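K.L.:
Got a structure here, written out as C-alpha cells. Questions coming.
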Amino acid sequence: MRIGKYEFDSQEKADSKIKNLGSDHPHSVFRIGNIALEAAEYDEEGELIKEAVYSTKYSVDVLFVGLDDHPYGWKSYAVDVQGDGVHSFMGLKYQDYKF
Amino acid sequence: MSTPTIANIPTAYKAGKIYSQLPVDGSADFDVARNSTATRVNQNGLIEEVAVNVPRLDYTNGGCPVWLREAQSTNKITYSEDFSQSDWGKARVTVQAGQSDVFGGSGAYLVSNTTDTDSHALIHSTITGLTASTSHSISCFIKKGTSNKVMLRDATIGGYLAYDFENDTVLDTNSLSAQSVVDYGSGWYRVSITTISSGSGQLRPSVYILEDSYVSGSPSSYTGSTSENLIVTGFQLEEQPDSTSYIPTSGSTVTRLADEFSLDTSSLGLSEITETFSDNSTNVVTPVPSNYVVSEGKIKKIEGE
C-alpha cells in the first residue's frame, strides 16, 4: 500500500482525476478540500473571533494498493508534508507509506 | 430454511479470512480486506485497535459477537481524546486528564464545573468544510461522575440529546434524525446524535453538564460547583446517518477504510443467501452473484442454500 497527497487547482479537476482512476488501481480516496492555512480563532465557548484563511488548492489523500509510483498523470499534483499533515488513514503513518 | 449449504456464525478468523462452519472443506470461507486499522469491542468490553485486513469480531452489548462490516468513515475531530487542546473550548468547566477510560487505559478526562453562573460545557470550535445540509453523527463516551444529567449537543444548529444517568432515561431531544445511548459496561455509555450540518457546512460538537433540576429544553444557566463533574473520552464527528465504530485521532482527521467480505460462489450452487443482522432483520440475496459481497452492518449469521 502507498499513500499519495495531492493538490489540485479546483475540486472539479480533482473529481476528474479521481473519476479517471477507474478500477485499474485499487484505491481509497479522502477529499480534504481546501486546507486552512491559518487556523480560525475562537473564544472559550467556541465563538469565532477570527476567520480561518483557506488554501485555494483542493487537497485529496489517496491510498493505493499494488502501486510503486503515482498513477500516470498524478505525480505533478503530489505534495509532501511533515508528519501526517491534516489527515491520515487509520493506523498508516504517511511517512511510512508515502511514494 | 432447510439445512443450509453454507453457514457462517461469527467465530473463527485470521487476517484476510473468515472461516465458515459449513461446508467443512473451506470452500465457503470468506475473503476479507480492509486497508486500514479499525477498532472493535473485545470480549472484555474494551475498545481495541485491530490490524489491517483482520476481520472484526465485535462484542458491543455483550453476548454473542457479530462481524462488523462498515463503510469508510472519517472522524473530523482532530483531537478525539485530548481535551486540553485549544480546539476544545472550556465554557465554565475545567478538564483533568488521567481518568480510567473505555480502552483499558487512563486517557479519559474529568470535566468539572466552575462556580460561574451560566451553562457549563466542553465545546469544540466550529468545524467547517463539512458537506452542507447533510446528516452527520456526533458521538462520545461518557461516564457518570457526581453529576447525573448530561447533554450531547451540536452548538451550531442546536440538535441535542439530554440523558439522565441515574435513571437511565433520555430526558429530551431536539432536531435529531437518529440517536442512541449504548451501555459499554463499567459505567461507560456511548451517546450518539445525528443531525444535519448547516447550509454552510458547519457543526460544533459539545457536551454539557446539566443541573439536577433539568427537565427539558436547551441547557440553562445555573451556578456551578467544582464538585459537579462527569468523565468524557472518544469524541467523533462523521458524515454518516449513524455513528460507526470509534476512530481515534491525535492531531489530524483520520479515515477508517471500508471492510469487504467476499465469497466466490461459482462452485457452491447457491440459489439464495440470507444475511441476518444483530437486530434480527434479514436481507435475502437472490440470485447469488458469483462474487458475493456481504452487506454492510453488524452480521449475526450468513446462510445459503
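K.L.:
Have a look at B:80, B:73 and point out the one that is out of contact with any Phe, Trp or Tyr (no Cβ under 9 Å at 6 or more places or on another chain), within 14 Å of chain A (Cβ to nearest Cβ) and closer than 18 Å to residue B:48 by Cα.
P.N.:
From the options B:80, B:73, the qualifying one is B:73.
K.L.:
For residue B:152, which of the numbered conditions (1) open to solvent by 20 Å² or more (accessible area, probe 1.4 Å); (2) assigned to a strand (DSSP E or B); (3) away from chain A (no Cβ under 13 Å) fails to hold?
P.N.:
Exception for residue B:152: condition (1).
K.L.:
Right, something else. With respect to residue B:112, is the statement that it is among the small types (Gly, Ala, Ser), at pLDDT 95 or above, farther than 29 Å from residue A:36 by Cβ and open to solvent by less than 30 Å² (accessible area, probe 1.4 Å) true?
P.N.:
yes
K.L.:
If you don't mind, there's one more thing I want to ask. State whether the residues of the range B:280-292 include one that is more than 13 Å from residue B:75 (Cβ to Cβ) and in contact (Cβ under 8 Å) with a residue 60 or more places away in the chain. Break it down stepwise before answering.
P.N.:
Within the range B:280-292, the first condition is being more than 13 Å from residue B:75 (Cβ to Cβ), and the residues that meet it are B:280-292.
When the remaining residues are screened for being in contact (Cβ under 8 Å) with a residue 60 or more places away in the chain, the result is none.
Scanning the range B:280-292 turns up no residue that is more than 13 Å from residue B:75 (Cβ to Cβ) and in contact (Cβ under 8 Å) with a residue 60 or more places away in the chain.
K.L.:
May I ask you to verify whether residue B:133 is within 14 Å of another protein chain (Cβ to nearest Cβ), out of contact with any helix residue (DSSP H, G or I) (no Cβ under 8 Å at 6 or more places or on another chain), part of a loop (DSSP other than H, G, I, E, B) and more than 30 Å from residue B:31 (Cβ to Cβ)?
P.N.:
Criteria not met by residue B:133.
K.L.:
Restricting to the range A:70-97, give me the number of residues that are within 21 Å of residue A:24 (Cβ to Cβ), at pLDDT 95 or above and open to solvent by 60 Å² or more (accessible area, probe 1.4 Å).
P.N.:
Final tally of qualifying residues: 3.
K.L.:
Taking strands (runs of 3 or more DSSP E) that fall entirely within the range B:168-241, which contain at least 2 residues that are away from chain A (no Cβ under 14 Å), more than 17 Å from residue B:114 (Cα to Cα) and open to solvent by 20 Å² or more (accessible area, probe 1.4 Å)?
P.N.:
In the range B:168-241, B:169-174, B:178-185, B:188-196 are the strands (runs of 3 or more DSSP E) which contain 2 or more residues that are away from chain A (no Cβ under 14 Å), more than 17 Å from residue B:114 (Cα to Cα) and open to solvent by 20 Å² or more (accessible area, probe 1.4 Å).
K.L.:
Hey, another quick one. Condition first: open to solvent by less than 60 Å² (accessible area, probe 1.4 Å) and within 14 Å of chain A (Cβ to nearest Cβ). Can you find one or more residues in the range B:262-273 that meet it?
P.N.:
Scanning the range B:262-273, I find at least one residue that is open to solvent by less than 60 Å² (accessible area, probe 1.4 Å) and within 14 Å of chain A (Cβ to nearest Cβ), so the answer is yes.
K.L.:
Residues B:234, B:185, B:224: which one is under 29 Å from residue B:98 (Cα atoms) and out of contact with any strand residue (DSSP E or B) (no Cβ under 7 Å at 6 or more places or on another chain)?
P.N.:
Details: B:234 fails: out of contact with any strand residue (DSSP E or B) (no Cβ under 7 Å at 6 or more places or on another chain); B:224 fails: out of contact with any strand residue (DSSP E or B) (no Cβ under 7 Å at 6 or more places or on another chain).
Residue meeting the stated conditions: B:185.
The values are calculated or read from the model by the stated rules, or taken from the named source; none is laboratory data. Values in this document were obtained by computation on a predicted structure and should not be read as measured data. Here Cβ is always computed from backbone atoms with ideal geometry, including for glycine, and neighbour counts include all displayed protein chains. Quick note on the areas: whole protein, heavy atoms, side chains included, nothing else; ligands and nucleic acids left out. Shrake-Rupley method; radii C 1.70, N 1.55, O 1.52, S 1.80 Å.
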